[in-house]
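One structure is given here, and the rest of the page talks about it.
The values are calculated or read from the model by the stated rules, or taken from the named source; none is laboratory data. No experiment lies behind these values; they were computed from the predicted model shown. All Cβ positions, even for glycine, are placed from backbone atoms using ideal geometry, and neighbour counts span all protein chains on display. The protein model used for the area step is the full one, side chains on, heavy atoms only, and it has no ligands, DNA or RNA in it. Shrake-Rupley method; radii C 1.70, N 1.55, O 1.52, S 1.80 Å.
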Amino acid sequence: MTVPDHSSTLTGWREWVSLPGIGVPWVKAKVDTGAQTSALHATEIEEFERDGESWVRFLVQPWQLTEEDAVAVELPVHDRRTVRSSSGHSQLRPVVLMDVGLAGRVIEAEVTLTDRDEMVFRMLIGREALRRGFVVDSAASFLGGKPPRGVRRRNRGRA
């Protein structure tokens with residue numbers, strides 16, 4: 001039996017999260033108990049070697065309707081996983097370890113990188129991250145709080 005490393009933290013089915021280790025203060029995420037691993041929208045994904053180790057460089061575009069404020073990131077490849085999407089397509093994805101701020105806590109999570117441009121949410125928070133002491137209220141949203149109005153407008157493509 002896995003014991004959470006923190007008491008149960010309540011979260012809604014969608015939340016604003018942060019990725020503090022890569023300088024992304026806000027990204028809207030779907031909390032998805034149907035997904036094993038968390039996933040992040042990334043473009044220009046390119047694997048390379050550094051000091052004999054596998055690394056990946058990519059762009060994180062945190063806003064849903066604009067490419068502004070994109071962040072260039074380089075991280076070691078933690079793993080590679082074949083992930084089956086909700087539409088049934090399988091894809092081999094790089095997995096990185098990333099700090100995720102969710103509902104007032106920061107946890108380290110395994111995150112797959114994929115192009116989610118056609119999806120409503122730029123990030124999914126999966127069961128592997130949630131089992132670290134989170135409980136999901138499927139009727140609630142944004143229990144961890146919302147960013148300032150200007151940030152929410154920017155996410156919708158408005159300045």
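Computed values, structure above
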| read-out | value |
| --- | --- |
| Residue check, Val73 within 16 Å of the chain's Cα centre (by Cα) and at pLDDT 90 or above | yes |
| Residue list for the range 129-159, filter: under 16 Å from Trp26 (Cβ atoms) and either open to solvent by less than 40 Å² (accessible area, probe 1.4 Å) or in contact (Cβ under 8 Å) with a residue 12 or more places away in the chain (or both) | Ser141, Phe142, Leu143, Gly144, Gly145, Lys146, Pro147, Val151, Arg154, Asn155, Arg156, Gly157 |
| Only one of Val56, Val31 that is in contact with a Pro (Cβ under 6 Å, 6 or more places away or on another chain) and of a type in the set (A, V, I, L, M) | Val56 |
| Those residues of the range 25-69 which are among the β-branched types (Val, Ile, Thr), open to solvent by less than 60 Å² (accessible area, probe 1.4 Å) and within 16 Å of Ala129 (Cβ to Cβ), in sequence order | Val27, Val31, Thr37 |
| Leu40, sole failed condition from (1) in a strand (DSSP E or B); (2) more than 12 Å from the chain's Cα centre (by Cα) | (2) |
| The range 74-128 - residue that is open to solvent by 80 Å² or more (accessible area, probe 1.4 Å), part of a strand (DSSP E or B) and among the aliphatic types (A, V, I, L, M) and, of those, nearest to Gly157 (Cα to Cα) | Val106 |
| Residue pairs meeting the criteria (Cβ under 9 Å; at least 6 apart or on separate chains; first farther than 13 Å from Val77 by Cα and modelled with pLDDT of 95 or more, in the range 39-65; second open to solvent by 40 Å² or more (accessible area, probe 1.4 Å) and of a type in the set (Val, Ile, Thr)) | Leu59/Ile45 |
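For every residue, the table says whether it meets (1) on the phi < 0 side of the Ramachandran plot; (2) touching a Gly at 6+ places or on another chain (Cβ under 6 Å); (3) among the hydrophobic types (A, V, I, L, M, F, W, C).
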{"residue": "Leu10", "(1), (2), (3)": "yes, no, yes"}
{"residue": "Trp16", "(1), (2), (3)": "yes, no, yes"}
{"residue": "Thr37", "(1), (2), (3)": "yes, yes, no"}
{"residue": "Thr43", "(1), (2), (3)": "yes, no, no"}
{"residue": "Glu49", "(1), (2), (3)": "yes, no, no"}
{"residue": "Trp63", "(1), (2), (3)": "yes, no, yes"}
{"residue": "Glu68", "(1), (2), (3)": "yes, no, no"}
